[in-house]
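Asker: The structure under discussion is supplied below as structure tokens; questions concerning it will follow.
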Amino acid sequence: MTIEPVYFYTKNDPFYELSNFAPFGFECAGVYWPTMEHFFQAQKFLAPEHRERIRRASSPRNARALGQSRAIPIRADWEAVREDVMYQALRLKFQRPELQALLLGTMGRPLVEASPFDHFWGAGQDGSGQNRLGHLLERLRQELAVQNPN
């Protein structure tokens, strides 16, 4: 028996809420971030003014564009810390009871960010990507299941 994966990426996907672009903000260290994407992209930089510019971006797409620009250098340790940063943000986003319920409702199913462009965080167009976002969500789901055994 094959277990059907949960795919998420675009607004039309049933599990779009799992996406970093989904409009679920959160607070971290007294600062409100409109989406996961805003937070994640800003953490690439040490310059407070550039982080703030990303935080105030009008959309997650614009936040990503600012974060992917190399006009300002990214932190030297970014490759080493990026997964920890992503997991921290996921934990903050999924403090919302409705998002916890959604995530826990996927128990036992693989979670796949169906990005055709991203082979690190997503599955890539051919499905051969590392899907790190999906794996981190599965890890968080397991953590939440232990905390909420009902």
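Asker: Determine the shape class of the chain: with a ≥ b ≥ c the square roots of the Cα gyration tensor eigenvalues, call it rounded for a/c under 1.5, and otherwise prolate if a/b is greater than b/c, oblate otherwise. Please report the intermediate quantities before stating the final value.
Answerer: Details: a/c = 1.87, a/b = 1.44, b/c = 1.30.
The shape class here is prolate.
Asker: Could you go through region 56-72 in sequence order and give the Karplus-derived ³J(HN,Hα) for each residue, using 6.51 cos²θ - 1.76 cosθ + 1.60 with θ = phi - 60°, rounded to whole Hz, and x for Gly and Pro?
Answerer: 8, 4, 6, 7, x, 4, 5, 4, 4, 4, 5, x, 8, 5, 10, 5, 10
Asker: Something else: In sequence order, what are the phi-derived ³J(HN,Hα) couplings for region 13-29 according to the Karplus relation 6.51 cos²θ - 1.76 cosθ + 1.60 with θ = phi - 60°, rounded to whole Hz, with x for glycine and proline?
Answerer: Values, residue by residue: 6, x, 10, 3, 4, 6, 5, 5, 8, 4, x, 10, x, 7, 9, 9, 6 Hz.
Asker: To continue, here is another question. Which parts of region 8-38 would a label at Ser59 reach, counting a residue when its backbone N lies under 12 Å from a point 7 Å out along Cα-to-Cβ?
Answerer: 11
Asker: Shifting gears a bit: Can you compute 3J(HN,Hα) from phi for each residue in region 44-53, using the Karplus curve 6.51 cos²θ - 1.76 cosθ + 1.60 with θ = phi - 60°, rounded to whole Hz and x for Gly and Pro?
Answerer: Once θ is set to phi - 60°, the couplings for region 44-53 become 5, 10, 8, 5, x, 5, 6, 4, 5, 4 Hz.
Asker: Can you give the net charge of the other residues whose Cβ lies under 15 Å from the Cβ of Ser128, counting K and R as +1 and D and E as -1? Please list the in-between numbers first.
Answerer: Numbers: positive: Arg132; negative: Glu113, Asp118, Asp126.
Within the 15 Å Cβ shell, the charges total -2.
Asker: Points 7 angstrom from Cα along the Cβ direction at Val146 and Lys11: gap in nanometres?
Answerer: Once both label points are built, they end up 3.8 nm from each other.
Asker: Give the residue from Pro97, Tyr7, Phe24 lying farthest towards the positive end of the charge dipole for region 1-99; charges sit on Cβ (+1 for Lys and Arg, -1 for Asp and Glu) and the dipole is referred to the Cα centre.
Answerer: Phe24
Asker: Relative contact order (percent) for the chain, with alpha-carbon contacts under 8 angstrom and 6 or more residues of separation?
Answerer: Values: 204 pairs, mean separation 31.1, N = 150.
Here the relative contact order equals 21 percent.
Asker: To the nearest 20 Debye, how big is the dipole of the chain about its Cα centre, given +1 on the beta carbon of each Lys and Arg and -1 on that of each Asp and Glu? Numbers along the way, then the final one.
Answerer: Values: 18 positive and 17 negative charges, 86 e Å.
Here the size comes out at about 420 debye.
The numbers here are math on the coordinates, done by the rules we state, and not lab data. This structure is a prediction, so every number in the text was calculated from the model and none was measured. In this analysis, Cβ positions are derived from the backbone assuming ideal geometry, glycine residues included, and neighbour counts consider all displayed protein chains.
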